[in-house]
1. Assuming R0 = 51 Å, what is the FRET efficiency of Thr410 and Leu195, from their Cβ-Cβ distance, to the nearest 0.05?
2. Quick one: which residues, 5+ away or cross-chain, put their amide H under 5 Å from the amide H of Cys390? H built at 1.01 Å from N.
3. Need one number: nm distance between label points at Glu23 and Thr364, each 7 Å from Cα along Cα→Cβ, rounded to one decimal.
4. Collect residues whose amide H, placed 1.01 Å from N in the peptide plane, falls under 5 Å from the amide H of Ile53; neighbours closer than 5 in sequence don't count.
5. Heavy atoms only, probe 1.4 Å: what % of the accessible area of region 1-56 goes to carbon and sulfur, would you let me know?
6. Please list, by residue number, everything in region 18-51 whose backbone N is under 11 Å from a paramagnetic label point 7 Å out along Cα→Cβ of Asp60.
7. Whole-Hz ³J(HN,Hα) for each residue in region 430-435, computed from phi via Karplus 6.51 cos²θ - 1.76 cosθ + 1.60 with θ = phi - 60°, x for glycine and proline: what do you get?
8. Based only on Cα atoms, what mean projected area does the convex hull of region 4-113 have, in nm²?
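The values are calculated or read from the model by the stated rules, or taken from the named source; none is laboratory data. The shown structure was predicted, so the numbers you read here are calculated from the model rather than taken from an experiment. Cβ coordinates were reconstructed from backbone atoms using ideal geometry, including for glycine residues, and neighbour counts include every protein chain displayed. Just the protein is used for accessible areas: all its heavy atoms, side chains included, with ligands, DNA and RNA removed. Shrake-Rupley method; radii C 1.70, N 1.55, O 1.52, S 1.80 Å.
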Amino acid sequence: MDFQVVVLAGGSSKNLTPLVSKELPKPLLPVANRPVLSYVLHQLEQNNLKDLIVVVEGEDTALVVGAWISGTFIDRLHVEIAAVPEDIGTAGAIRAISHHLTAKDILVMSGDLVSDVPPGAVAATHRRHDAAVTAMLSSIPVSGPLDSGSSGGKDKAKKLGRYNIIGLDPGKQFLLHIATGAEIEKDARLPKRILRAVGQMEIRSDLMDAHMYAFKRSVLQEVLDLKDTFQSLKEDVLPYLVRSQLKSEALSNRTPQGEENGNEKVTSQNNQVFVSRILANSSTPSFHDHSSENPDGSAPTRKTHKCCVYIASSGSYCVRLNSIQAFMDINRDVTGEADHLLTGTSSDPNNNIGPSPKLGTKTTVGPHCMLGEGSEIGDKCQVKRSVIGCHCRIGSHVKVVNSVVMNHVTIGDGCIIQGSVVCSNVQLQERVVLKDCQVGAGFVVTAGSEYKAESLARKEK
């Protein structure tokens, strides 16, 4: 399909402290005992999008992530690792690697996006419309918005607000208006030129920008060169392209295409058929083409460009791992209702216990759990709706509920862990009680300690 893919994987994240570290950067955070980045790369491989640039923050992260990709996806994907400085934003990251971009169209997606929406369908919709940009929109997840920075269980009780205000044409093909961030609280100002051209606009507040975009490379690079202060694709580049799509100074547009957007759930088995069907759909002129015509019927002199959408079906799974609460939710979902995301990978969703575990007498591991390779659990323990990593040692009379325990963790007798994240190489001594806590890598919790809603981590030297 001649697409180049850019995966913005990041590195550190304040919202994920103390889960992330130099040894475990954000792209390698485990979801059901697999790095979160593996879900993105697997989706791209299934959609035959194999020419990738994975962008990470810092040279140290590039080495760690690059080594993991080389060992896991060798001979399967063509991946180039690019290191960029921290805190330059998504637009800044693309600007920093722009000299690597050579294809006609660029697919940009977040490396923390856990989704069953085929990226090939977004790419095909973009190509069919010959769009300047195509944004994927999805329903707001039950746990909150994709951009939520919440980190505690209390946030679940908050009433969901509006996270994007989106204007669509009646056919739900074109993005006519988008307000994000602080713009949501302001009165909406809709461009008269677009309203006159399209005649009718549907305003939606139940859809979110899912951080997957297809760009025409020439358009993206021109915007980044022209607007050197732009830092965010979502808050700067996309709204700019939407606002300017019918202006005379707008960027390139060519063949009018597109009639029907794809709104159905797709499995990996029929990805290629689905993409082919999108590309083959018959085309009709859009309002962009009529708007560029001169009143006397002569050849158009005003250039327009198309801003399109691909709307994921309401049954799709699409969540970003960008907070501790999201980390908990995604681990719960992928071992439960969204276990189809494990199909076709090294993990088997029908087997929640890895190779060679040892379970003591009267120990129960409930449904929607995962127990990693080489882990051992003592007598009379209970594990419910939790993920246990590899090579853990868990004593007797231990309860683990709604929690994530990473690799090489030692848990003493009589411990109770509820709604918590325990990072790798942690030692919990006897009778420790954790509720809604996060324990950073290598931390030792002394016997008999009780913590609630605490973040425990070693002090940086």
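1. The calculated FRET efficiency here is 0.20.
2. Asn407, His408
3. Rounded to a tenth, the inter-label distance reads 3.5 nm.
4. HN-HN under 5 Å from Ile53: Val5, Val6, Val7, Glu80.
5. Whole-percent figure for carbon plus sulfur exposure: 46.
6. 21-25
7. So the Karplus estimates, Gly and Pro as x, are 4, 6, 6, 10, 10, 9 Hz.
8. Projected area, direction-averaged: 6.7 nm².
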